[in-house]
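Student: Handing you a structure now.
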Amino acid sequence: GMHTNPPISFLLDTHYYYGAVHSVEKLHQSVEIWYATREYLKQ
């Protein structure tokens, strides 16, 4: 049958999805900063 509250799971899935995307972006930013710092220290 039909679920009585599909929006709940939809909102949770969306929340976790955006949370994961945000974490990846933060990780990518950290890696870029690390590379930039390493290159700077090589000079």
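Derivation of every value follows stated rules applied to the coordinates shown; laboratory data play no part. Everything quoted here is computed from the prediction, not taken from an experiment.
Student: Need the full-extension length gain, residue 18 to residue 34, defined as separation in residues times 0.36 nm minus the C-alpha distance. One decimal, nm.
Tutor: Here the segment from residue 18 to residue 34 would lengthen by 3.3 nm.
Student: Shifting gears a bit: Between helix 6-42 and the chain, what is the angle of the helix's C-alpha long axis to the longest principal axis, kept within 0 to 90° and rounded to the nearest 10?
Tutor: Once rounded, one gets 0 degrees.
Student: Could you quote the convex hull projected area for the chain, Cα atoms only and averaged over all directions, in nm²?
Tutor: Numbers: hull surface 12.0 nm².
The number I arrive at for the chain is 3.0 nm².
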